[in-house]
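What follows is a short report on a single structure.
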Amino acid sequence: MKVICAGLDLSDAVLKVSKALPVKAANPVLEGIKIIAEGDSLTLIATDTELTIKKTIPAEVIMEGETVVVGKYFVDFVKKLENEQVELVRLYDAQLQIKYSDSESEFQVFPTESFPVIKEEEADNFFVLKEKQFKSIVEKVSISCSSDDSRPILKGCLFETEGDTLTCVSLDGFRMSVLKTKVQAGGDFKAVIPSRTLNEISRLLEKEDEDLNICLQKNNLYLKLENTVIFSRLIDGEFVKYRHILPNSFENEVTVSRSAILNSIERASIVAKNDRYNVIRMDIHENSMLISAKSEIGNVNENVNINLKGKDLTIAFNGKYLTDYLKTETADFIVMNLNSAIDPCVLKAKESEDFIYLVLPVRINA
């Protein structure tokens with residue numbers, strides 16, 4: 001293999017595909033980036049078997065071939081060659097030679113045949129939406145995805161289509177996000193997409209008004225962005241029956257300025273953050289809500305104007321769970337639906353129910 005390409009193109013490609021490199025791999029070859037020189041292009045592939053990213057760049061291919069280079073060090077090295085023209089040569093003694101300016105370096109390579117085979121198959125189902133729309137979905141639902149390995153299904157987000165409506169759901173045992181949006185869909189389906197995949201796709205999106213076509217093929221997700229292709233294994237298993245978690249009715253409804261309550265909770269959290277549960281207490285009355293927190297650092301007591309329909313109530317929450325939601329919501333006013341100090345609270349924009357957020361309270365002594 002012998003190929004010449006621009007260092008900037010190579011660096012960009014290597015950085016993109018490196019997002020699929022595993023933190024720690026049982027199989028050493030998975031720590032590598034596969035390089036394929038063919039036709040007039042250079043293709044780079046990285047995978048941890050669950051997430052695969054493939055990027056193709058233009059190149060002058062003098063001799064076609066392929067190899068697998070040690071990923072982490074290759075990434076760091078190529079980042080320093082952005083202003084160079086780079087020549088890659090696969091040597092016969094299991095080395096990849098990198099030539100640039102009047103210099104050359106060599107890197108260890110793995111046997112190509114040991115690298116997993118990535119197959120592209122026809123999609124059974126798909127949905128199409130704008131890139132901006134997808135990024136907004138990921139921002140809102142990823143906050144409720146679990147990071148606990150004991151329940152793998154909760155490390156993903158349920159994507160469910162019915163007609164032209166896409167419903168996205170995530171929960172971690174303490175909170176839940178449910179978002180509905182209109183899309184163009186090819187059939188009704190359910191799929192649990194890993195939160196890591198959703199976030200990596202979101203980071204790769206550079207445009208806002210372009211259509212994004214996400215295909216679901218058997219147990220995999222397939223997505224193509226210009227010269228970048230993403231594959232991801234879907235999470236197997238039955239997702240939680242989330243509709244049973246949502247309360248049917250509420251005794252209390254609090255309408256409040258989103259910015260006012262967010263700023264107050266953030267200030268109270270400065271005092272509460274030393275506490276394991278970051279407890280923020282809310283004393284709700286007819287026209288005001290007293291937001292308070294205390295710890296060995298000090299205490300904070302702030303009044304926020306509200307409109308209450310229902311009865312007075314004292315309740316407490318983990319401040320982080322509230323700020324996560326309030327930072328992703330864009331409405332000027334939000335509604336907090338409540339029943340008691342121990343029942344879930346459901347938050348939503350005042351004028352819309354497209355995105356609702358359920359959070360469990362923290363038990364406190366009255």
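Ranking Ile193, Phe74, Thr47 by Cα position along the charge dipole of the chain, where only Lys, Arg, Asp and Glu carry charges on their C-beta atoms, puts Ile193 farthest toward the positive end.
Can you give the helix-only mean residue ellipticity at 222 nm for the chain, where every DSSP H stretch with n ≥ 4 adds -39500 (n - 2.57) and the sum goes over all residues, rounded to the nearest 500 deg cm²/dmol?
Values: 6 runs with 65 residues, N = 366.
That calculation yields -5500 deg cm²/dmol at 222 nm.
Taking the centroid of alpha carbons for each part, segment 164-216 and segment 260-287 are 31 Å apart.
Spatial offset of segment 122-142 relative to segment 36-76 amounts to 27 Å, using the alpha carbon center of each. The solvent-accessible area of Ser352, taken with every protein chain present and a 1.4 Å probe, is close to 40 Å².
The slack between Thr165 and Ala26, meaning 0.36 nm per residue of separation minus the straight C-alpha distance, is 46.0 nm. For segment 33-138, the tally of Lys pairs with Cα-Cα distances below 20 Å comes to 18, considering only residues 8 or more apart or on different chains. Between amide H atoms placed 1.01 Å from N, distances below 5 Å from Gln184 occur with Val128, all of them 5 or more places distant or on a separate chain. Stretching Lys224 away from Leu205 to a fully extended chain increases their span by 5.8 nm, per 0.36 nm per residue minus the current alpha-carbon distance.
Accessible surface of segment 228-366, 1.4 Å probe: 45 percent of it comes from carbon and sulfur atoms.
Evaluate the relative contact order of the chain (contact order divided by residue number), counting alpha-carbon pairs under 8 angstrom at least 6 apart; express in whole percent. Write down the numbers at each step before the final one.
Working: 841 pairs, mean separation 45.9, N = 366.
Worked out over the chain, it gives 13 percent.
Working from Cα pairs under 8 Å separated by at least six residues, relative contact order for segment 15-117 is 25 percent.
Placing +1 on the Cβ of every Lys and Arg and -1 on the Cβ of every Asp and Glu, with nothing else charged, gives the chain a dipole about its Cα centre of roughly 1320 debye. In a reduced charge model with +1 at each Lys and Arg Cβ and -1 at each Asp and Glu Cβ, segment 40-156 shows a dipole moment near 720 debye about its Cα centre. Solvent exposure of the chain, expressed per residue, is 51 Å² of accessible area, with all protein chains present and a 1.4 angstrom probe. Restricting attention to segment 279-366, which GluC sites (Glu not before Pro) occupy a DSSP loop and are surrounded by at most 14 other Cβ atoms within 10 Å? Those that pass, being in a loop and sparsely packed, are Glu286, Glu296, Glu351, Glu353. Amide H contacts for Gly32 (H built 1.01 Å from N in the peptide plane; partners 5 or more residues away or on another chain; cut-off under 5 Å): Gly71.
The values are calculated or read from the model by the stated rules, or taken from the named source; none is laboratory data. As the structure is a prediction and not an experimental result, all values here were calculated from the model. Positions of Cβ are backbone-derived with ideal geometry, glycine not excepted, and every protein chain shown enters the neighbour counts. Note: accessible area is taken over every heavy atom of the protein model, side chains too, but ligands, DNA and RNA are not part of it. Shrake-Rupley method; radii C 1.70, N 1.55, O 1.52, S 1.80 Å.
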